[in-house]
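Q: A single structure is presented below for examination.
The values are calculated or read from the model by the stated rules, or taken from the named source; none is laboratory data. Just so it is clear, the model here is predicted, and its values are computed rather than measured. We place every Cβ from the backbone using ideal geometry, glycine too, and count neighbours over all the protein chains shown. Keep in mind that these areas ignore ligands, DNA and RNA; they rest on the heavy atoms of the full protein, side chains included. Shrake-Rupley method; radii C 1.70, N 1.55, O 1.52, S 1.80 Å.
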Amino acid sequence: MKIAIASGKGGTGKTTVATNLALLLGERGENVVYLDCDVEEPNGHLFLKPSIDRRIAATIPVPVIDESKCTACGECVKFCQYNALVRLGKTVMVFPELCHGCGGCMLLCPQKAISERDREIGIVETGRACGVCFANGRLNIGEAMSPPLIREVLRQSAAAAIAVIDAPPGTSCPVITSLRTADFVMLVTEPTPFGLHDLGMALDMVRELDVPHGVVVNRAEAGNIDAESFCAQRQVAVIAQLPDDRRVAEAYSRGEMVLTAVPSLRRHFETIWEYIRGQVHA
Amino acid sequence: MKEIVIISGKGGTGKTSIAASFAAIAKGKAVLADCDVDAADLHLILKPEIRRRTEFRSGHKAIIRKNRCTGCGKCAQVCRFDALHDGTTWDAYPEVRYSIDPVACEGCGVCVRVCPADAIDFPEETCGEWYISDTRFGAMVHAKLGIAAENSGKLVTLVRSEAKRIAQEEGADYLLIDGSPGIGCPVIASLTAADFALIVTEPTVSGDHDLRRIAGLAKQLGVPAMVCVNKWDINPAATREIKALAQGHGISFAGLVRYDRAVTEAQRAEKAVVEYCAEGVAMDIQGVWTAVLDAINT
């Protein structure tokens, strides 16, 4: 079972929900892996504090041109959708950072002058943390393209029965890549105009992807029903409301888990898990 | 004209609240650009009146022409993005075996090229819309990326260059850019060749960790940066550490912004924090703006 935690707006509490849910499942003896797919700014390790036992480079294949064979016919340049190949006089130059690694240029070069090499875009780290298998990706600084690295992180779920996927913020390609294979998406929001506006965009996204989903309201304030009325209007279930509690904010600031720092909130994570289990197995 | 980008690395640190206040303070002297195109929020405060709306077309998507497909499977052999799925049955077209997952398709065109039956169409995609608007503080360029659409980096580049053109035409002093979280494609597109970056962080382990990465990116791109700590009083010890960290990276300090519920109240009132109140957190943000101007002008 793959559970993804996403949000639209950043900083609403995705990592808090994802790490604590993974920890709860680990404590219950489930075979669970936490996958940090926010490869631009991975933070899960700051809370789960895993011991990392393996680091592997994530790469994408990029073209290498054999100048002795290249006639600068320009077929590859015309074909490339990403402008990663440019003809300059009698040579073709490769801009590897623009290449998506589709392999088209190599396939169609009439002179067979193109081969491929692996270009590193980041690393995948795997390890264990208090009963939870752990994997994250770290995009190299200056690297624009995160989806291939995210796909590599998602591959680390093979041995686990349950994967908890911590998605990046936003609604564009990195998020879509993280959610594509999920069985359930939990959207985390906060009861502010920005939080709810971006929740609306995230809802459009998960409905387009056609994945079962629900909402967790974080930093819920007593008496404020903005989030509930928004969710009722958009016909999405509110699964849990984590109260706006300074102890949670302070624990977060120090890298502590909610389950340990504020044990009274544990029941919310249990509710979240029971709901998802019911939805996915139903 | 100086181009100032507000970024954060970590999401939800307060970029947009600070950008909206900067826009209010620099009223009449700045053009505004919301470059967080896949979770844009600045318009919720600035209430833009849209003057011009333009479709954003970028990239292509492969689509099977069912009446021509022979089911040979060459497309699936060459696709590296796992976008071609076997096992589709169409009652009307028994030969068609494959379907293309539009979400997985990267628009590379390899399948289109290898198909022997010319059975894959490759239309240009509409990925969203972008707008030129008027606000009470000045002109604003913003956008909405389509649902599950790609090419956010290209849309950011477009928004930014249009905003820059308007700023130059109007003789504005500043172009204020509200950036997106992260360090990837849209952030690189909003930061490259800007005059100055203000990094908004928070005193948490995540804020600290993410600051290192976004500061590294600004340095790599050669954009001078300053950092301010939002909600600094949530954890004063962590704030001190961030200050030291910034110094270690050669990034100067733009100031501290206190945690204050007035920030959320201002958001609910659809006002910039400095419009909503004059004291406390509003003074803090004013102080950060002054520090940014001092840094730009020296």
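Q: Return the average number of partner chain Cβ atoms within 10 angstrom of each residue Cβ along peptide B:218-224.
A: Working: counts 1, 2, 2, 2, 0, 0, 0.
Mean partner shielding for this stretch: 1.
Q: Compactness ratio of region A:53-128: Cα Rg over 2.2 N^0.38 Å, N = residue count? Please report the intermediate quantities before stating the final value.
A: On the way: Rg = 14.7 Å, N = 76, 2.2 N^0.38 = 11.4 Å.
Normalised Cα radius of gyration, region A:53-128: 1.29.
Q: Mind pulling the angle between the C-alpha long axis of helix B:15-25 and the longest principal axis of chain B? Nearest 10 degrees, somewhere in 0 to 90.
A: 50 degrees
Q: Right, another one. Calculated from DSSP H runs of 4 or more alone, at -39500 (n - 2.57) each and per residue, what is the 222 nm mean residue ellipticity of the protein assembly as shown, nearest 500? Can you show the working numbers first?
A: On the way: 22 runs with 206 residues, N = 580.
-10000 deg cm²/dmol, from helical runs alone.
Q: Turning to a different aspect of this structure: Can you run phi through the Karplus equation (6.51, -1.76, 1.60; θ = phi - 60°) for region A:91-97 and list ³J(HN,Hα) in whole Hz, with x for Gly and Pro?
A: Those phi angles translate into 10, 10, 9, 9, 10, x, 6 Hz.
Q: Let me ask another. If packing is taken as the average count of other Cβ atoms within 10 Å, what order do B:61-71, B:99-109, B:191-201 fall into, highest mean first? Don't skip to the answer; put the middle values down first.
A: Numbers: B:61-71: 16.5, B:99-109: 19.2, B:191-201: 22.0.
Highest-to-lowest ranking by the protection proxy: B:191-201, B:99-109, B:61-71.
Q: Related question: Please state the charge dipole magnitude for the protein assembly as shown, taken about the Cα centre, from unit charges on C-beta atoms (+1 on K and R, -1 on D and E), reported in debye and rounded to the nearest 20.
A: The calculated dipole for the protein assembly as shown is roughly 860 debye.
Q: For B:CYS72, which sequence-distant residues (separation of 5 or more, or a different chain) have an amide H within less than 5 Å of its own amide H, given hydrogens modelled in the peptide plane?
A: Sorted by chain and number, the residues that satisfy this come to none at all.
Q: Continuing with this model, one more query. Quick one: grab Rg to one decimal and Dmax as a whole number for chain A, Cα atoms only, in Å.
A: Here Rg and the maximum Cα pair distance are 21.8, 73 Å.
Q: OK, next. Per residue, how many Å² of accessible area does region A:2-57 show with a 1.4 Å probe?
A: 28 Å²
Q: For region A:67-112, what is the relative contact order in percent, using Cα pairs closer than 8 Å and at least 6 residues apart in sequence? Spell out each step's value before the answer.
A: Details: 57 pairs, mean separation 18.6, N = 46.
Relative CO of region A:67-112 lands at 40 percent.
Q: Sticking with this one: Principal axes first, then extents: for the Cα atoms of region B:62-122, list largest minus smallest coordinate on each axis, whole Å, largest first.
A: 28, 20, 18
Q: Across peptide A:164-171, how many C-beta atoms of other chains are within 10 Å of each residue C-beta, on average?
A: Mean number of neighbouring Cβ atoms from other chains: 4.
Q: Oh, and also: Which order do A:ILE56, B:ILE251 take when ranked by solvent-accessible area (1.4 Å probe, heavy atoms of all protein chains), largest first?
A: Details: A:ILE56 55, B:ILE251 20 Å².
The ordering from most to least exposed comes out as A:ILE56, B:ILE251.
Q: I want to check the label-to-label distance for B:THR290 and A:SER51. Put each point 7 Å from Cα in the C-beta direction and report it in nm to one decimal.
A: 5.3 nm
Q: Which whole number gives the average count of other chain Cβ atoms within 10 Å of the Cβ atoms across peptide B:197-208?
A: Values: counts 0, 0, 0, 0, 0, 4, 2, 10, 9, 12, 4, 3.
That average works out to 4.
Q: Follow-up. Kirkwood-based Rg over Rh for chain B (C-alpha set), two decimals?
A: 1.10
Q: Another question about this same structure. If you build a Gaussian network model of chain B, linking Cα atoms that sit under 10 Å apart, which residue out of B:CYS35, B:CYS228, B:CYS111 swings the most?
A: Result: B:CYS111 has the largest fluctuation of those listed.
Q: What distance in nm separates the simple spin-label points at A:THR271 and B:GLN247, each placed 7 Å from Cα in the Cβ direction?
A: Distance between the two pseudo-spin positions: 4.6 nm.
Q: Given a 1.4 Å probe and no ligands, DNA or RNA in the count, how much accessible surface is buried by B and A, both sides, to the nearest 100 Å²?
A: Details: alone 14340 and 13410 Å², together 22720 Å².
Heavy-atom accessible area buried at this interface is about 5000 Å².
Q: In a GNM of chain A with a 10 Å cut-off on Cα contacts, which of A:VAL238, A:VAL86, A:VAL164 has the highest mean-square fluctuation?
A: Most flexible of the set in this elastic network: A:VAL86.
Q: How many Å² of accessible area per residue for region A:67-112, probe 1.4 Å?
A: On the way: 2610 Å² over 46 residues.
Heavy-atom accessible area per residue stands at 57 Å².
Q: Take the Cα coordinates of the protein assembly as shown, assign each an equal point scatterer, and use the Debye formula without solvent to give log10 I(q)/I(0) at q = 0.07 Å⁻¹.
A: -0.42
Q: Efficiency by 1/(1 + (r/R0)^6): what FRET value for A:LYS69 and B:ASP195, r their Cβ-Cβ distance, R0 = 45 Å, to the nearest 0.05? Before the final figure, lay out the partial values.
A: On the way: r = 45 Å, r/R0 = 1.00.
Calculated transfer efficiency: 0.50.
Q: At a 1.4 Å probe radius, carbon and sulfur cover how many percent of the accessible area of region B:62-122? Don't skip to the end; give the middle numbers.
A: Values: 1550 of 3230 Å².
Summing carbon and sulfur atoms, their accessible area is 48 percent of the total for region B:62-122.
Q: Tell me, what is the FRET efficiency for B:ARG268 and A:ASN140 to the nearest 0.05, using R0 = 41 angstrom and their Cβ-Cβ distance as r?
A: Numbers: r = 40 Å, r/R0 = 0.97.
It comes to 0.55.
Q: Please turn the phi angles of region B:248-256 into ³J(HN,Hα) values with the Karplus equation 6.51 cos²θ - 1.76 cosθ + 1.60 (θ = phi - 60°), one per residue in order, whole Hz, x for glycine and proline.
A: Computed from phi, the couplings for region B:248-256 are x, 8, x, 10, 7, 9, 9, x, 10 Hz.
Q: Take the Cα atoms of region A:68-207, find their three principal axes, and give me the spread along each one in whole Å, biggest first.
A: The Cα atoms of region A:68-207 stretch 59, 37, 26 Å along their principal axes.
Q: With a Förster radius of 56 Å, plug the Cβ-Cβ distance of A:LEU98 and A:HIS281 into 1/(1 + (r/R0)^6) and report the FRET value to the nearest 0.05. Don't jump to the answer; show the numbers that get you there.
A: Details: r = 44 Å, r/R0 = 0.78.
Rounded to the nearest 0.05, the efficiency is 0.80.
Q: Next question. What angle do you read, to the nearest 10 degrees and between 0 and 90, between the alpha-carbon axis of helix B:281-296 and the longest principal axis of chain B?
A: Helix B:281-296 and the main axis of chain B meet at about 80 degrees.
Q: Could you tell me the number of lysine pairs in chain A with C-alpha atoms less than 23 Å from each other, where the two lysines are 8 or more residues apart or belong to different chains?
A: Lysine pair count for chain A: 9.
Q: Restricting to DSSP loop positions (anything but H, G, I, E, B) with no more than 13 other Cβ atoms inside 10 Å of their own Cβ, which trypsin sites (Lys or Arg not before Pro) remain in region A:100-203?
A: Numbers: sites: A:LYS112, A:ARG117, A:ARG119, A:ARG128, A:ARG138, A:ARG151, A:ARG155, A:ARG180; in loops: A:LYS112, A:ARG180.
Loop-located and lightly packed - A:LYS112.
Q: Same structure again: Among the lysines, which have Cα under 17 Å from the Cα of B:LYS66 when same-chain residues fewer than 8 positions away are ignored?
A: B:LYS74
Q: Separate question: Springs between alpha-carbon pairs under 10 angstrom, Gaussian network model over chain A: which of A:GLY89, A:GLY214, A:GLY104 fluctuates most?
A: The residue that fluctuates most here is A:GLY89.
Q: Continuing with the same structure: For region B:59-72, just list the computed ³J(HN,Hα) in residue order, Karplus coefficients 6.51, -1.76 and 1.60, θ = phi - 60°, integers in Hz, with x standing in for Gly and Pro.
A: Computed from phi, the couplings for region B:59-72 are x, 9, 10, 7, 9, 6, 8, 4, 6, 10, 5, 9, x, 6 Hz.
Q: Could I ask something else about it? Can you give me the distance in nm between label points at A:LYS78 and B:ARG212, each placed 7 Å from the Cα along the Cα-to-Cβ direction?
A: It works out to 5.0 nm between the two label points.
Q: Tell me the angle of helix A:14-27 to the major Cα principal axis of chain A, expressed in degrees between 0 and 90 and rounded to the nearest ten.
A: 70 degrees
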